[in-house]
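Beneath this line is the structure, given in structure tokens, with notes to follow.
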Amino acid sequence: MSGDDPMTVGTGEGRTPTMADIARVLGISRQSVSLALGDAPGPSPETRRRVREAAAALGYHPHLGAQALRRARSTTLGVVFSPAHAAETEILDGVYPAAAAHGCGVVLSPQTVRRSTAEAVGELLGHRCSALVVIGSDLRGRGLDDLVARAGVPVAQVGYGRRNAAYDVVRSAGETGLSDVVEHLHGLGHREITYVHTASKPATLVRRAGYLAAMARLGLVPDVVGGRGPEVEEVGAAAARHLLDRPGLPTAVVAANDQAAIGVLQTFARRGVRIPEDVSLTGFDDAAPARFSSADLTTVAQDPGGLGAAAVEVVLARRDDPARRPVEVVRPTRLVVRGSTAAPGRTTGPTTGPTTRRE
């Protein structure tokens, strides 16, 4: 031990005592001080006693923020999501209990119109998250691959994608869900079925594929409208305005998600087009707006809680076993029939409301 008396050795006026000061006073390593104060195996009872006495004499107090950061690498799960999309917030309900079951805390980082996926991930890495769950993304393909490589921790992408060597994929069977919708409408007698695509949400790519496959299988002519934009409801509204500008409306409209369907519904309503008397309408997600009585929307239900829980399980499995290969988890969907679909009735002209009966 050093000849210095811990009661008299100072640390410098205005400076907070550190573990290095305790180690210098006692003539032992800083690592031994850390082990002793943390009740970790190694130091003898006598060393632990001396370290605690010296810490008290010097007025040392542990830095709780630094301790949290050191623990975060193994206990904190980072989640990127978009608050603007109802389905993504519902997925979070599955993330929290699954993370808690593994002893993990959750840190959220939103992506918004002005805040990219890359920026949201960067914030989470600043919190030293041990793994990341990305719910939806404005990245795809090589852009997402590059982001995962820079992150340096296991990543699970929720919503879309295929099995790959870089990150886990957890998604719904969107192609099957949209196929079920088209089959449902075809069974009601619809032959003119338009699909409203929302290109800003990559998960809708697989849904569009399901629509196209079902239309081809049934011998129907596909009709895809829509576009790209951060406000999904407005994409649906713009698609509805485009349809209203045509000589006649289709008998049914299939939206890529519930929010786009609500945009279609509201725009049609302002022009006197009735749902389902004039046009049948469907969505995808079974988010809260679809269940409102004002919408009563036929839609495809996902299992948002199951998606969130599955993402946590696969990404933490790879965190705990770095040799584990990324997987693709596909969760089933379920058709939910409500009041927005019926047998074909009337359709409308561009501005005058219901005018033409389809035979």
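The values are calculated or read from the model by the stated rules, or taken from the named source; none is laboratory data. Computed from a predicted model, the values in this text were never measured in an experiment. Glycine also receives a Cβ, built like all others from the backbone with ideal geometry; neighbour counts cover every protein chain displayed. These accessible areas exclude ligands, DNA and RNA; they are computed on the full protein's heavy atoms, side chains included. Shrake-Rupley method; radii C 1.70, N 1.55, O 1.52, S 1.80 Å.
Scanning the stretch 130-173 for residues being in contact with a Lys or Arg (Cβ under 8 Å, 6 or more places away or on another chain) and assigned to a loop (DSSP other than H, G, I, E, B) gives a total of 9. Among the residues of the stretch 113-141, those identified as within 18 Å of Val327 (Cα to Cα) and open to solvent by 20 Å² or more (accessible area, probe 1.4 Å) are Arg140, Gly141.
The lone criterion from (1) under 13 Å from the mean Cα position of the chain (by Cα); (2) in a loop (DSSP other than H, G, I, E, B); (3) charged (D, E, K, R) left unmet by Arg191 is number (1). The residue that is modelled with the lowest pLDDT, counting only those in the stretch 159-183 that are open to solvent by 10 Å² or more (accessible area, probe 1.4 Å) and farther than 25 Å from Ser82 by Cα, is Ala165. Do the conditions hold for Arg271, that is, is it of a type in the set (Lys, Arg), open to solvent by 10 Å² or more (accessible area, probe 1.4 Å) and either without any contact (Cβ under 8 Å) to a residue 12 or more places away in the chain or within 15 Å of Thr341 (Cα to Cα) (or both)? Against the criterion (of a type in the set (Lys, Arg), open to solvent by 10 Å² or more (accessible area, probe 1.4 Å) and either without any contact (Cβ under 8 Å) to a residue 12 or more places away in the chain or within 15 Å of Thr341 (Cα to Cα) (or both)), Arg271 does not qualify. The residue list His190, His186 contains one member that is open to solvent by less than 20 Å² (accessible area, probe 1.4 Å) and modelled with pLDDT of 95 or more, which is His190.
Here are some residues: Arg162, Arg208, Arg217, Arg246. Which one is touching a His at 6+ places or on another chain (Cβ under 6 Å) and on the phi < 0 side of the Ramachandran plot? When all the criteria are applied, what remains is Arg208. One residue alone among Val300, Val253 is closer than 15 Å to Asp180 by Cβ and of a type in the set (Val, Ile, Thr), and that residue is Val300. Output the residues belonging to the stretch 70-123 that are at pLDDT 85 or above and of a type in the set (S, T, N, Q). Scanning the stretch 70-123 gives Thr76, Ser109. Residue selection: Thr299 satisfies the criterion of being open to solvent by less than 60 Å² (accessible area, probe 1.4 Å), hydroxyl-bearing (Ser, Thr, Tyr), out of contact with any His (no Cβ under 6 Å at 6 or more places or on another chain) and not in a loop (DSSP other than H, G, I, E, B). In the stretch 140-159, the residues that are more than 19 Å from Gly174 (Cα to Cα) and charged (D, E, K, R) reach residues that are assigned to a loop (DSSP other than H, G, I, E, B) and open to solvent by 20 Å² or more (accessible area, probe 1.4 Å) with C-beta atoms within less than 7 angstrom, at least six apart or across chains, in these pairs: Asp145/Ala166. The residue list Arg338, Arg318, Arg325 contains one member that is of a type in the set (Lys, Arg), touching a residue at least 12 places away in the same chain (Cβ under 8 Å) and open to solvent by 70 Å² or more (accessible area, probe 1.4 Å), which is Arg325. The number of residues in the stretch 305-331 that are in contact with a strand residue (DSSP E or B) (Cβ under 8 Å, 6 or more places away or on another chain) and either charged (D, E, K, R) or part of a helix (DSSP H, G or I) (or both) comes to 13.
Of the residues that make up the stretch 115-125, is at least one in a helix (DSSP H, G or I) and charged (D, E, K, R)? Yes: one or more hits. Would you mention how many residues in the stretch 42-58 are out of contact with any helix residue (DSSP H, G or I) (no Cβ under 8 Å at 6 or more places or on another chain) and either aliphatic (A, V, I, L, M) or open to solvent by less than 40 Å² (accessible area, probe 1.4 Å) (or both)? Qualifying residue count for the region: 2. Among the residues of the stretch 193-238, those identified as open to solvent by 60 Å² or more (accessible area, probe 1.4 Å) and among the charged types (D, E, K, R) are Arg208, Arg217, Arg228, Glu231, Glu233, Glu234.
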